[in-house]
1. Return only the number of the condition from (1) more than 24 Å from His115 (Cβ to Cβ); (2) crowded, with 20+ Cβ neighbours inside 10 Å; (3) within 19 Å of the chain's Cα centre (by Cα); (4) not aliphatic (A, V, I, L, M) that Gly290 does not satisfy.
2. For Ala136, which of the numbered conditions (1) at negative phi; (2) without any contact (Cβ under 8 Å) to a residue 60 or more places away in the chain; (3) away from the ligand (no atom under 14 Å from the Cβ) fails to hold?
3. Restricting attention to region 88-104, and to residues there that are more than 15 Å from the ligand (Cβ to nearest atom) and farther than 17 Å from Gln68 by Cβ, which single residue is surrounded by the fewest Cβ atoms within 10 Å (Cβ to Cβ)?
4. Note down all Cβ pairs under 8 Å where the first residue falls in region 256-271 and is part of a loop (DSSP other than H, G, I, E, B), the second is exposed (fewer than 11 other Cβ atoms within 10 Å of the Cβ), and they're at least six residues apart or on different chains.
5. Assess whether Thr182 counts as being touching a Gly at 6+ places or on another chain (Cβ under 9 Å), polar (S, T, N, Q) and outside the structural domain of Ser346 (by TED's automatic domain parsing).
6. Which condition does Glu190 not pass, out of (1) part of a loop (DSSP other than H, G, I, E, B); (2) more than 16 Å from the ligand (Cβ to nearest atom), if it passes all the others?
7. With the checklist (1) out of contact with any Leu (no Cβ under 8 Å at 6 or more places or on another chain); (2) in contact (Cβ under 8 Å) with a residue 60 or more places away in the chain; (3) among the β-branched types (Val, Ile, Thr) in hand, flag the one item Ile276 doesn't pass.
8. What's the number of the condition Met75 fails, among (1) free of Cβ contacts under 8 Å to residues at least 60 places away in the same chain; (2) assigned to a helix (DSSP H, G or I)?
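The values are calculated or read from the model by the stated rules, or taken from the named source; none is laboratory data. Computed from a predicted model, the values in this text were never measured in an experiment. Positions of Cβ are generated from backbone atoms using ideal geometry, with glycine treated the same way; all protein chains shown enter the neighbour counts.
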Amino acid sequence: MLRYRGGRCDKVPTARSITMSVYDSLGVPAIINASGPVTRLGGSAMSETVLDAFQDAAREWVPLEQLQAAASKMMAQVTGAEAGLVTSGAAASLTLGAAAIIAGYDLSRMEQLPHTEKFPHEFVVARDQRSGYDHAVRAAGAKLVEVGFNEVVAGAGVRRTEAWEYEAAFCEQTAGVLYVYTRDSQPALEAVVEVAHRHDLPVLVDAAGELPPRANLMLPGMTKADLVAFSGGKAIRGPQSTGLLCGQQDLIASAALQMLDLDDHWELWEPPAEFIDRRKLKGMPRHGIGRSMKVSKEEIVALVTALAIFASQDPTEANDTHREHLQLIAEAIEGPTVRCEVLDPSDHECVPLLEISLVAADAVEICRGLRKGTPPIYVGHGKLSAGKLVINPMCLDSHAADTIADRLRKELKGSTQR
Ligand SMILES: *Cc1c(COP(=O)(O)O)cnc(C)c1O
């Protein structure tokens, strides 16, 4: 029986695509993902090349610290950082990054995390950069100290957080600075790094979703930020449960030590010296706070493969195809009560989105109807309160775009008849 398999990104149908979906066999229908590579729906689509690398890696064994050391070299080349670590996601990168900043090479501190009362553990952060993701930083034992205001959002003024406010909050308990990077984060990352480094404090950056543009891969090298976290399962299209932590050699070594399984003999343990310099250690740490965030050899290989592809490929052509899919949907549904706009980001590497403004229909109802149909369709829901649906094309092929157009037309027609 031929079954629809949801929005696949492969253009050419493979033998597998016309057999029964593995999800069907579990009774979970595959969806059309028009929300982009979001975690809740399973992240991004690995390319065939990445899937092949994953499978090849699963057939043999290697010591993970050697594999991570090789991945580190590759990540250093791509990001301009001294070193890198493949983690189990950007959130894990934040926990490990905070743990590295708090513990360094101190075995006793590593052992005590997340209990940090006896040593510096405060991270200064701009109040308007707080989010649910900073739980990952606090999980290492960090205490967040908020500074600044966003008077623009508050409708109270024209200024946002300023660099001097970080400096004013530094004290003996300060371990570092947490910075959430977006195109319009304030103050500029460079200014925060400058202030922090003047006080010998490291800066941990969350740039999880800030790719593309590919230029942001160079954030560690360009801004001198000490540690930068990226997601591996978003635009890089690695395994969903991977992330990158890139930055200063000693901090990456500490993060690696607190994640890797260290059940070995000190006399025999020989991590690659350029990755973990054992002369800097008093002994072998026990399993650290990151032991629950392990990354498999297959995931490391797949992430490195995906990263090499992401870094070397100009996304212009892929974005042209994305735009065609969005236009196809827009043309099918546009009318007096449905306004469509393709949002083209100012940076040509970033993915275009389709914003659908509903004048006559309830956006939440349409969203629900799409999810409940067959196959279920999940559209971007970030602007529902403004009466808008958003289509992210990253996980769509032309067949999925056709299906979305068709189903949206039906849902919109149904809603005006209700
Ligand atoms: C997605 C995201 C994360 C978490 O990334 P994972 O790779 O899913 O762990 C953290 N911070 C921000 C800002 C994100 O967008």
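1. Result: Gly290 fails condition (1) only.
2. If we test Ala136 against (1) at negative phi; (2) without any contact (Cβ under 8 Å) to a residue 60 or more places away in the chain; (3) away from the ligand (no atom under 14 Å from the Cβ), just (3) comes out false.
3. This residue is Gly104.
4. Trp266/Gly283
5. Working: touching a Gly at 6+ places or on another chain (Cβ under 9 Å): yes; polar (S, T, N, Q): yes; outside the structural domain of Ser346 (by TED's automatic domain parsing): yes.
Here the answer is yes, as Thr182 does meet what is asked.
6. (1)
7. So Ile276 meets the others, but not (1).
8. Checking Met75 against (1) free of Cβ contacts under 8 Å to residues at least 60 places away in the same chain; (2) assigned to a helix (DSSP H, G or I), the one that fails is (1).
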